[in-house]
Amino acid sequence: MRRLSGLVIALMVAVAGGTAFGQTAPVDPARVPPDTLSPAWQRMWPIVTGFKAAEAPQPALNDLVAWKQQQDAVDEQMQKMASGVTAAYGVTVEASLIGGVPTLTITPKDWVDDGRLLIYVHGGGFTSLSARSTLFSSGLMANRSRMRVISVDYTLAPQQRWQGTTDQVAAVYRALLSQGRSPQGIGIFGDSAGGSIVAGTVLKLRDAGTPLPGAVLLWSPWSDVTATGDTYRTLASFDPALSMVRLALSAAAYADPADQKNPYVSPVYGDYARGFPPTLIQGGTREIFLSNMVRHYQALVTGGVDATLDLYEGMIHVFQPMAPGAPENVAAMKRVVDFWNRHLRSR
C-alpha cells in the first residue's frame with residue numbers, strides 16, 4: 001500500500017509539471033507560439049514576448065515629472081525603431097497643427113486626392129508613444145490604402161485625462177470638416193487605447209450633433225478599461241503583450257474609477273441605437289482584449305450598426321504592423337482596405 005501511495009504521489013507531481021529529480025520548471029505559456037501560426041509569426045513570437053518582459057515599472061500617478069521622463073525615454077527608443085518606416089513604405093511625413101492639436105500628415109507616394117482621408121489615434125495604454133513613434137501603423141495604413149493619414153499627437157495621461165483627449169481628437173475632426181472635407185470621406189481608426197479614444201470620441205461627436213465620419217476601424221480596442229470580461233481571466237497568462245497590472249495603472253491614469261464606465265472612456269457601454277458609423281473590429285485570439293472586442297461588437301450590432309468582427313487565429317495585440325508580409329497580416333490589411341473602399345465616399 002505504501003509503495004502504491006508513493007507511486008501515485010510521484011505521478012501527481014510529474015503531471016503537475018516538475019519534481020526535484022532534474023525536471024525543468026513549467027514554461028511560461030505566453031512564450032509558446034500557437035502551432036497554427038505562419039512561419040513568419042513563429043519567428044516573430046520571441047520578439048514580442050521580449051517586449052513584455054522588458055517593460056519598466058510605472059511611476060506613481062501624481063509624479064508627473066517621472067511620467068514625462070519615462071514617456072520621453074520610451075518614445076525615443078520607439079522612434080529609433082520606426083526610423084526606417086518612411087523609406088520602407090514610401091511615405092512622407094509633415095508636422096502641423098490641425099484644430100490647434102499637433103498632428104503628423106502621412107502621405108503615400110504618388111498620392112491622388114480623391115476627397116478621402118484617414119484620421120489615426122495611436123495606442124500606448126493612454127500613457128505612452130506618440131504620432132511619430134507609431135509610424136509603423138500610420139505608415140502601413142497610408143501605403144496600403146493609398147490615402148493620406150492624419151495622426152493625432154494627443155497629450156498623454158496622466159498629464160491629461162479622457163475629457164481632454166477626446167476633445168483633442170474631436171477638434172482635429174471638426175477642423176477637417178471646416179476645411180470643406182465631407183464627413184463621408186473621412187475614416188477614423190485607432191489601436192488599443194487609441195481604439196477606445198476613437199470610439200469614445202465618435203460617441204461624443206454624435207451626442208454633440210456633429211456629422212459622423214464615414215467609417216470606423218478599431219484594432220484590438222481597449223473598449224472597457226474596467227477589466228470586465230471573460231478573457232481578462234482566461235487569457236491573462238497566455239497574452240504575450242499585455243499585463244493586467246500595467247493595464248490597471250494605465251486605466252487609472254486616464255480616468256478616475258467613477259468615470260471608467262462612461263461610454264466616452266469605455267465605449268462598450270455606449271448606446272449605439274442612436275447612430276454610429278459602419279465599424280470594423282480586428283484582433284487576435286491571444287489577447288486579453290478578446291472579450292472587449294466580442295462585447296463591443298455585440299453592443300454595436302444590437303444597436304443596429306453595420307459592424308464586422310474580424311478575428312485571427314493565434315494573433316496578438318495589434319498584430320497588423322508587426323509582420324506586414326506575413327499571411328495573417330496581408331489578409332487583415334486587405335480586409336481593411338476593402339472596408340475603407342466600401343464605406344468612404346470619394347468626390
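The values are calculated or read from the model by the stated rules, or taken from the named source; none is laboratory data. Quick caveat: nothing in here was measured; it's all calculated off a predicted structure. Quick reminder, even Gly has a Cβ in these numbers, built from the backbone with ideal geometry, and neighbours come from all protein chains shown.
Annotations
- Residue list for the range 87-110, filter: surrounded by fewer than 18 Cβ atoms within 10 Å (Cβ to Cβ) and of a type in the set (Gly, Ala, Ser): Ala87, Ala88, Gly90, Ala95, Ser96, Gly100
- Residue check for Glu328: assigned to a loop (DSSP other than H, G, I, E, B) and either within 28 Å of Pro59 (Cα to Cα) or not β-branched (Val, Ile, Thr) (or both): no
- So Gly283, is it out of contact with any strand residue (DSSP E or B) (no Cβ under 8 Å at 6 or more places or on another chain) and either closer than 26 Å to His343 by Cα or outside any helix (DSSP H, G or I) (or both): no
- Matching residues, the range 18-35, being surrounded by 10 or more Cβ atoms within 10 Å (Cβ to Cβ) and either modelled with pLDDT of 90 or more or not in a loop (DSSP other than H, G, I, E, B) (or both): Pro29, Ala30, Arg31, Val32, Pro33, Pro34
- Answer residue from the range 57-82, given it is closer than 22 Å to Tyr154 by Cβ and not in a helix (DSSP H, G or I) and is nearest to the chain's Cα centre (by Cα) among those: Ala82
- Taking the criterion of being within 22 Å of Asp256 (Cβ to Cβ) and either assigned to a strand (DSSP E or B) or not basic (Lys, Arg) (or both), the residues of the range 203-231 that qualify are Leu203, Asp207, Pro221, Trp222, Ser223, Asp224, Val225, Thr226, Ala227, Thr228, Gly229.
- Candidates Ser128, Ser133, Ser137, Ser38 - the one that is out of contact with any Ser or Thr (no Cβ under 9 Å at 6 or more places or on another chain), in contact (Cβ under 8 Å) with a residue 24 or more places away in the chain, under 30 Å from Asp256 (Cα atoms) and small (Gly, Ala, Ser): Ser133
- Restricting attention to the range 44-53, the residues that are without any contact (Cβ under 8 Å) to a residue 12 or more places away in the chain and over 17 Å from Leu247 (Cβ atoms) total 2.
- Any hit, the range 272-285, residues being touching a Pro at 6+ places or on another chain (Cβ under 8 Å), under 12 Å from Trp219 (Cβ atoms) and of a type in the set (A, V, I, L, M): yes
- Every pair of residues 6+ apart whose Cβ atoms lie under 6 Å, when the first sits in the range 60-76 and is within 24 Å of Phe136 (Cβ to Cβ) while the second is at pLDDT below 95 and surrounded by 12 or more Cβ atoms within 10 Å (Cβ to Cβ): Trp67/Pro59
- Check on Arg206, more than 14 Å from the chain's Cα centre (by Cα) and either crowded, with 20+ Cβ neighbours inside 10 Å or closer than 25 Å to Thr134 by Cα (or both): no
- Selection from the range 237-271 of residues that are small (Gly, Ala, Ser), modelled with pLDDT of 95 or more and assigned to a loop (DSSP other than H, G, I, E, B): Ala255, Ser266, Gly270
- Residue count for the range 95-109 under the criterion of being under 20 Å from Arg174 (Cα atoms), assigned to a strand (DSSP E or B) and either at pLDDT below 95 or not aliphatic (A, V, I, L, M) (or both): the result is 4.
- Per the listing Tyr269, Tyr264, the residue uniquely within 19 Å of Gly187 (Cα to Cα) and either surrounded by 21 or more Cβ atoms within 10 Å (Cβ to Cβ) or touching a residue at least 40 places away in the same chain (Cβ under 8 Å) (or both) is Tyr264.
- Residue ID - surrounded by the most Cβ atoms within 10 Å (Cβ to Cβ), chosen from residues in the range 286-313 that are more than 15 Å from the chain's Cα centre (by Cα) and in a loop (DSSP other than H, G, I, E, B): Val305
- Some residue of the range 225-239 being touching a residue at least 24 places away in the same chain (Cβ under 8 Å), surrounded by fewer than 21 Cβ atoms within 10 Å (Cβ to Cβ), in contact with a helix residue (DSSP H, G or I) (Cβ under 6 Å, 6 or more places away or on another chain) and hydroxyl-bearing (Ser, Thr, Tyr): yes
- Residue ID - farthest from Tyr264 (Cα to Cα), chosen from residues in the range 223-239 that are among the small types (Gly, Ala, Ser) and under 18 Å from the mean Cα position of the chain (by Cα): Ala236
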